[in-house]
Structures are given as C-alpha cells and as structure tokens.
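Have a look at the structure below before the remarks.
The values are calculated or read from the model by the stated rules, or taken from the named source; none is laboratory data. What you see is a predicted model; the values in this text were computed from it and never measured. All Cβ positions, glycine included, derive from the backbone under ideal geometry; neighbour counts span all protein chains shown. Each accessible area value is taken on the protein alone, full model and side chains, heavy atoms only, with ligands, DNA and RNA left out. Shrake-Rupley method; radii C 1.70, N 1.55, O 1.52, S 1.80 Å.
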Amino acid sequence: MTGNRAHPFEPEAERPPHPAPAVLARGLTKTYGERRAVDGIDLTIGPGEIFGFLGPNGAGKSTTIAMLCALTPPTAGRARVAGADVVRQPQQVRRQIGLLLQDTALDADMSLARNLYLHARLHQLPRPLARARTTEVLELADLADRRHHKVRTLSGGMRRRLEIARALLHQPRVLFLDEPTTGLDPHARARIWHHLTQLRDRTGTTLYVTTHYLEEAEHCDRAAVIDHGRIVAVGTPADLKAQIGEDRIRLHTDNDTAAVAALRDLGLRPARTGDGLTLRVADSARTVPLVVAALADRQLALRALAVTPPTLDEVFFHHTGRSTDTDPGTEPLESK
Ligand SMILES: Nc1ncnc2c1ncn2[C@@H]1O[C@H](COP(=O)(O)OP(=O)(O)OP(=O)(O)O)[C@@H](O)[C@H]1O
C-alpha cells in the first residue's frame with residue numbers, strides 16, 4: 001500500500017494540499033445477513049495507477065466496486081474516492097468516477113458518434129461540450145475514422161473500446177472497469193490492455209480493473225487478490241510473485257524413480273508431473289547445482305531441466321487454495 005496519510009478522513013478544508021489518493025478504503029465491510037460479502041478491506045490507490053482486482057466468483061469484487069462507486073453503502077468502514085467520502089458525498093463520488101459494467105448497452109443501429117453524444121447529453125453535458133467530448137473520446141479510442149459507422153459494424157474489441165470511451169465522456173478521475181476483457185479473444189484482450197495503458201498515460205485517469213484472467217495482473221502497476229471478502233495479497237506483479245518466492249524446477253532423467261530418492265535425500269519434495277518431476281524451491285540458483293551433483297553421484301542422466309519463476313496463478317493458489325490453472329498439475333508424491 002502506498003501514500004497513506006496520517007488523517008485520511010479529515011474534512012476537505014483541513015486536508016493538506018497534495019493530491020488525494022484516487023481510492024482510499026479502511027475496514028470497508030458489507031454484510032448481507034450473516035454473510036460478509038466484503039470483510040474489512042484496506043486499499044490505497046494512487047492517482048494515475050492501474051490497479052488490478054483479482055478474485056474468483058463470489059469473492060466480493062462487485063460488492064467492493066458498488067461501495068466505492070457509492071451505489072451501495074458500506075455496513076462498516078470508510079472509503080474516499082477522488083477525495084470524496086462514499087457515504088457523506090455520494091454525488092461528488094459519482095461525478096468523479098466512470099463505471100464500465102459487463103453488460104453495458106450500446107445502440108447497435110446508431111452511429112458511434114450518436115451513441116456517445118446522446119450519452120453525454122443524458123449526463124447533462126451542454127451541447128457544445130457534448131460534441132467536443134464525443135470527438136475527443138473517439139480519438140482516444142482510436143475510432144475517429146469510424147464515427148459515422150453503425151455500432152453493429154464493429155468488432156468485439158472495438159466495441160469494448162467504444163464502451164470505455166463512453167465511460168470517459170465526463171472526464172472521470174477514476175474509471176472502474178468490471179471484467180473489461182471477458183468474452184474477447186486473446187488478441188483483442190491484449191489490445192484492450194494496450195489501449196488502457198495508453199489511456200492512463202494520455203489522461204492520467206486512475207484505472208481500477210477487475211479480472212479473473214490472472215495473467216492480466218501483469219499489465220497492472222499493482223494488483224490485489226481478494227478471496228471470501230478479504231484481501232489476501234497486494235503489490236506489484238513482482239511483489240506478488242516474490243511473496244511466495246518459489247521457483248519451479250522441472251526435470252527429467254533416464255530413471256525418474258531413482259531421481260526421486262536422490263532428491264529426497266537432499267531434503268527436497270519432488271512431485272511427479274506428466275513428463276518428469278517438479279520441485280518448488282525458494283532459491284533455484286542454489287538448488288540447481290546441488291540437484292545436478294546429486295544426480296551425477298547416482299549416475300543418473302539428466303535429459304532436461306528448466307527453471308520457471310512463479311506465475312500469478314500460483315500466487316493466487318498459494319493464497320486461496322484454488323487455481324484456474326489448467327496445468328496437468330503437481331501432486332506431491334506423498335499424497336499418492
Ligand atoms: N444483494 C445481495 N444479497 C445477498 N448476498 C449478496 C448480494 N450481493 C452479493 N452477495 C453475496 O456476496 C458475496 C460476494 O459477491 P460479489 O458479487 O461481490 O462477488 P464477485 O467477486 O463480484 O463475484 P462475481 O465475479 O461472480 O460477480 C457472494 O457470496 C454473493 O452471493
């Protein structure tokens with residue numbers, strides 16, 4: 001967490017003149033009956049940060065967004081978004097945020113420009129400003145040359161860029177995007193992330209992005225992992241990986257059964273994978289030479305050896321006990 005101030009909930013006038021965090025939450029909680037959908041989360045997100053919010057279905061992502069967007073009040077705890085308190089200043093919060101939900105409706109038979117202009121007018125932008133902002137956000141979305149095309153002619157990725165553009169019409173300081181890449185193919189997903197990064201660089205907008213594609217945390221400045229309403233890990237992608245600090249060594253020998261015994265003698269816990277053995281170790285640079293020497297001692301021929309750093313999926317698994325990884329898996333031999 002960054003940028004904590006001593007008195008984050010002081011009234012506006014008494015606050016120091018430096019920019020407020022884009023999002024600040026302390027002990028934010030939402031209960032439905034007995035169920036704690038969000039259970040005391042703390043967040044500090046800096047202006048212009050791209051912040052990822054990762055978690056499985058039902059973890060509490062949407063409820064957190066709803067509280068931060070002043071759409072539902074917290075049961076306990078406090079939050080400020082763009083400097084405004086979500087309970088005491090909900091209108092101010094709503095004016096300063098953009099929200100892109102998954103089922104955002106665009107009129108497919110209307111032109112891109114018309115969709116945007118009408119949306120701007122709906123949100124009370126005066127006509128000249130609505131026209132100017134329509135042109136500006138079409139340029140930001142890299143869709144200016146299609147302004148008169150009908151929405152139905154767009155690809156899925158372009159459509160998503162148009163939806164993002166629409167959420168930017170009123171120049172929000174913080175844009176919340178709920179699963180913006182869901183339903184897109186990998187190429188289109190990569191383009192959306194490229195687009196989001198450019199957008200942040202050009203406008204300074206803070207982006208708060210939920211995703212269940214774990215590899216997408218790599219595009220974020222920082223990400224949090226939420227499970228059962230609690231944040232179980234937060235940091236840069238590198239921090240998150242370092243928190244579990246385990247490299248994976250995959251190896252294959254001419255006699256893996258004998259290799260298992262050799263590795264256990266070194267105090268390691270090899271697991272069988274489809275085509276060989278896998279080890280998880282804190283320090284692969286130190287372990288690999290020991291492994292190679294131990295195998296050589298037993299005259300076992302090493303056919304292959306590869307070291308991979310932990311993936312974000314492994315971070316998630318480490319913290320939640322669940323995984324979206326389709327990897328054939330590494331069952332410890334002891335459990336067989
Ligand atoms: N209005 C509600 N009434 C009762 N329980 C709710 C309500 N809204 C959410 N919940 C419960 O709170 C928990 C968190 O839900 P939430 O929708 O925030 O999770 P999520 O991480 O956004 O999941 P998903 O990706 O499936 O939307 C879930 O157990 C859900 O069933």
Self-check item: Per residue accessible area in Å² of the chain, where ligands, DNA and RNA are left out and the probe is 1.4 Å
Solution: 49 Å²
Quiz item: What is the extension gain from Arg250 to Val292, computed as 0.36 nm multiplied by their sequence separation minus the C-alpha to C-alpha distance, in nm to one decimal?
Solution: 13.9 nm
Quiz prompt | Simple Cβ-charge dipole of the chain, Lys/Arg +1 and Asp/Glu -1, about Cα centre, in debye nearest 20 | solution = 1360 debye
Self-check item: the chain - percent of accessible surface contributed by carbon and sulfur, probe 1.4 Å
Solution: 51 percent
Exercise. Please figure out what share of the DSSP beta bridges in the chain is antiparallel and state it in percent, rounded to the nearest 5.
Key: 65 percent
Practice problem: Using only Cα atoms, find the angle between the long axis of helix 127-140 and the longest principal axis of the chain, and express it within 0 to 90 degrees, rounded to the nearest 10. | Solution: 20 degrees
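Excluding Asp109 itself, calculate the net charge of residues whose Cβ lies under 14 Å from the Cβ of Asp109, where each Lys or Arg counts +1 and each Asp or Glu counts -1. Write down the numbers at each step before the final one.
Numbers: positive: Arg114, Lys150, Arg152, Arg159; negative: Asp107.
Net of charged neighbours comes to +3.
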Practice problem: Please state, as a whole number in µm²/s, the translational diffusion coefficient that the Stokes-Einstein equation yields for the chain at 4 °C and 1.567 mPa s, with Rh defined as the Kirkwood radius across alpha carbon pairs. | Solution: 58 µm²/s
Exercise. Report, to the nearest 10°, how far helix 284-297 tilts away from the longest principal axis of the Cα atoms in the chain, using its own Cα long axis and a range of 0 to 90°.
Key: 20 degrees
Self-check item: Using alpha-carbon coordinates, inclination of helix 156-167 to the longest axis of the chain, degrees
Solution: 50 degrees
